[in-house]
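Since the structure comes first, as structure tokens, the remarks are kept for the end.
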Amino acid sequence: MPSYRQLQYYALAISIASVIYNGAEGGVSIGLGADAGSRSLVFFGIQSGIEVLSALLVLWRFKNVAKPGEEKSLVLAPEHLKFEKRGTLGIGILLMLLALATEATSIFALVHRDVPDSSNTSLIISATALVCMILIWLPKRYLAKALNSSVMRGEATCSLSCIQLTVVLFVGSLIFKVRKGAWWLDSATAIVLGLLFAWEGLKMLRWASSSEFTGGCCEDCLDPPTEARVEAAELGQVYRDVCSCCLEKEDCRNADECKCHGEPAAAPPKNTEVCHSLIAVFLSRIPVQNAALVRYCLLGPKRLPRPASHKLRWSRLNVKELITAATTVDRHAGPEKDSVFGMKSTSSIMTEYSSTTFKPLLKRLVETPEYFSADDLSLSLNHLFTPGAVEPTLIGAFLTALHIHRVERRPEFLAAAASVLRERALKAAVEAPEADFVVDIVGTGGDGYNLFNVSTTAGIVAAGAGARVIKHGSRASTSSSGSADLLESLDCLFTAPTPGTPMPLPRVPFTFILAPHYHPALAQLAPFRKTLPFRTMFNVLGPLINPASPRGMVLGVAEREIGPTFARSLRDGGVERALVVCGCEKLDEISCAGETWAWELHEDGKVTETTLSPEMFGVPRHPLKDVVGGTPAENAETFKKLLGLRKGQAIPQTLLPVLDFVVINAAALLVVAGVAKTYMEGATLARESILSGKAWDALDNFRIAGQGAAQRIVSTQ
């Protein structure tokens, strides 16, 4: 398999060849067609021009070739994703233009009863062009799959469309030359092809315009957005996904089966043991009647005769079906029996975490990140969260590899990591969770603006307006004052639960959950995260691991590119309604200074993108410098002044920007909670919550509940 860098060079080479050939062929065709009055030759020239433009888009897309040894990241960098999106849009437009030109010329020919050009010149050019275009199209088709590039896929589709048209025109001219009839055949067929071109172009435009655009081949966009995407992997890749020793041998990487199995292992025995143990666990957990099927899927056709009765396509395996089958307990084989390998295989193999079992996962992430799955991430995190299981150097290497490959930008990985943390979290005993639509408002941090604690204040204001808010937060990480810092400065107490004795969360309008109290697993990584000079995946996981499991959420992100990712991750985590926002200044709040990009998660699972502005909330714009925060004590004083405002009281000019900033964010939370139907109505309710004193009452209720919980703990000691 060529490297990613080589594949990009191949794409550039074939695109240059396409530009040269189609440019020459188009010029000749248009020149000869104009002299001879040949519609077919002129049309050849038009489609060649479209081919030249699409090839130029590919050259533009891959102008920055990967560095030596660099592999394709799990998620494209923003600049590369931008190139893919624009290139895909451009080729989609070209396909639509090709469809329009095809329809127009074909209808014109039918109306004027133009007969096909059956001259020897036209037939020779058509036949030559057909052979050359097929030779150019075949490597394009291969490269589109190998690079998983939407632009390359569009270029291949464009070439195939031109081939189909050339076949139709060539066959139509040949039939007319031989039979002197059926003059309408090529034009009528071309009309049908034109509609197909338009459909392909429309699919590319829809894919490139989708909020779920990843830069991959266009088939991805056909998956239902409400279901997790599970790729169907080749047989060899399925085996390599669970066979660690294959990663160490070049012949294994290029084969359809594991070369380690059944031969003396060149690698250390521990790797072979891990390889066999993983497969044994898979097979020991499914019924015996399915074990042979799964073994065939994993080991390939050379290991087992093909069952004639089974309907599964053997050339490809749906991993989702395999995992579903693996969850069924084997009723025929005992826990110590394995009918395929003849070895003991129990679940203890997978729960005994150590550096030895962790190294293959780290190796896969570093060397072949395209094979590192969400399940691999879950298994890796369980290693990291087990005290003493993994050596410190391996932990640092793993966190660095996660950062380099931008794993936090893929929704399935975020959902997997959040699921592991929720499983290991202490349970939050929410009083009457079904009676209210519980919501949360939180930001990922990292925007660098050090603003006033707007999300915490907005949550309290929304609670005073009728929402039930259970906010999940922590102390300052990237700013001077975190949500917990502010509330502690306001004399609030956070009572920690204990394992097996969850602390009840009373049914009051506002409650705060201190993250370290409920996520002791993260304490294992705290020293490493503080030492590393970059933010890790866990910096952005906080909004996804609220142990109260809110049904609605307003979530701020500091990068526009990860907005759709978080919206889908919230959906996968069970959130029903949400608004993911990113201020145009790369702010993880709804901006009071300008537009805000927003992704709305609807109850049907769909995610739609929109843009918000302060005017939609009925407030003027304020520069961010007017809402800058300070220390926790300073922010607490601002908070008291803000929530101490009452009707008829003059609002200080210095406080007005903070008031409007809080109002627009609280209004969005009220819309998500279902308390308000529009942002304008939400802003009115939020302002009323402050001026009527209901917001302050919401904070008082939380303080009283916290003090009562603390007294109960003291009395029981």
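For the reader, a short list of remarks on this structure follows.
- Val628 falls short of the stated requirement of being in contact (Cβ under 8 Å) with a residue 60 or more places away in the chain, surrounded by 15 or more Cβ atoms within 10 Å (Cβ to Cβ) and either of a type outside the set (D, E, K, R) or on the phi > 0 side of the Ramachandran plot (or both).
- Residue, most open to solvent (accessible area, probe 1.4 Å), within the range 508-552, restricted to residues that are polar (S, T, N, Q) and touching a strand residue (DSSP E or B) at 6+ places or on another chain (Cβ under 8 Å): Ser549
- Among the residues of the range 697-711, none qualifies, meaning not one is touching a strand residue (DSSP E or B) at 6+ places or on another chain (Cβ under 8 Å) and outside any helix (DSSP H, G or I).
- Residues satisfying the stated conditions in the range 584-609, i.e. within 15 Å of Ala667 (Cβ to Cβ) and either touching a Cys at 6+ places or on another chain (Cβ under 6 Å) or not in a loop (DSSP other than H, G, I, E, B) (or both): Thr596, Ala598, Glu600
- Residue satisfying condition, being at pLDDT below 95, surrounded by 22 or more Cβ atoms within 10 Å (Cβ to Cβ) and either closer than 25 Å to Ser489 by Cα or among the hydrophobic types (A, V, I, L, M, F, W, C) (or both), within set Gly448, Gly443, Gly459: Gly443
- If you filter the range 557-600 down to residues that are over 16 Å from the mean Cα position of the chain (by Cα) and of a type in the set (Lys, Arg), you find that the one that is most open to solvent (accessible area, probe 1.4 Å) is Lys586.
- Selected residue (criterion: farthest from Phe437 (Cα to Cα)) from residues of the range 659-680 that are open to solvent by 10 Å² or more (accessible area, probe 1.4 Å) and in contact with a helix residue (DSSP H, G or I) (Cβ under 8 Å, 6 or more places away or on another chain): Met680
- If you go through the range 640-683 and keep only what is within 18 Å of His622 (Cβ to Cβ) and in contact with a Lys or Arg (Cβ under 7 Å, 6 or more places away or on another chain), you end up with Leu655, Val663.
- Residue in the range 152-162 that is closer than 30 Å to Gln6 by Cα, more than 33 Å from the chain's Cα centre (by Cα) and modelled with pLDDT under 80 present: yes
- For beta carbons closer than 7 Å, sequence separation of 6+ or different chains, a first residue in the range 562-586 that is within 14 Å of Gly552 (Cβ to Cβ) and a second that is surrounded by fewer than 24 Cβ atoms within 10 Å (Cβ to Cβ) and of a type in the set (Val, Ile, Thr), the qualifying pairs are Ala567/Val607.
- The residue that is nearest to Gly583 (Cα to Cα), counting only those in the range 681-707 that are of a type in the set (Ser, Thr, Tyr) and surrounded by fewer than 24 Cβ atoms within 10 Å (Cβ to Cβ), is Thr684.
- Qualifying residue in the range 601-619 (condition: touching a residue at least 12 places away in the same chain (Cβ under 8 Å), under 22 Å from the mean Cα position of the chain (by Cα) and crowded, with 20+ Cβ neighbours inside 10 Å): yes
- So Arg424, is it basic (Lys, Arg), in contact with a His (Cβ under 9 Å, 6 or more places away or on another chain) and either modelled with pLDDT of 85 or more or closer than 20 Å to Arg364 by Cα (or both): yes
- Residues considered: Glu434, Glu408, Glu391, Glu423. Of these, the only one that is over 28 Å from Ser483 (Cβ atoms) and not polar (S, T, N, Q) is Glu391.
- Against the criterion of being without any contact (Cβ under 8 Å) to a residue 40 or more places away in the chain, more than 22 Å from Thr511 (Cβ to Cβ) and not hydrophobic (A, V, I, L, M, F, W, C), Lys647 does not qualify.
The values are calculated or read from the model by the stated rules, or taken from the named source; none is laboratory data. Remember, predicted model here, so these are calculated numbers, not experimental data. Positions of Cβ are generated from backbone atoms using ideal geometry, with glycine treated the same way; all protein chains shown enter the neighbour counts. We work out accessible area using only protein heavy atoms, side chains counted, and drop any ligands, DNA or RNA first. Shrake-Rupley method; radii C 1.70, N 1.55, O 1.52, S 1.80 Å.
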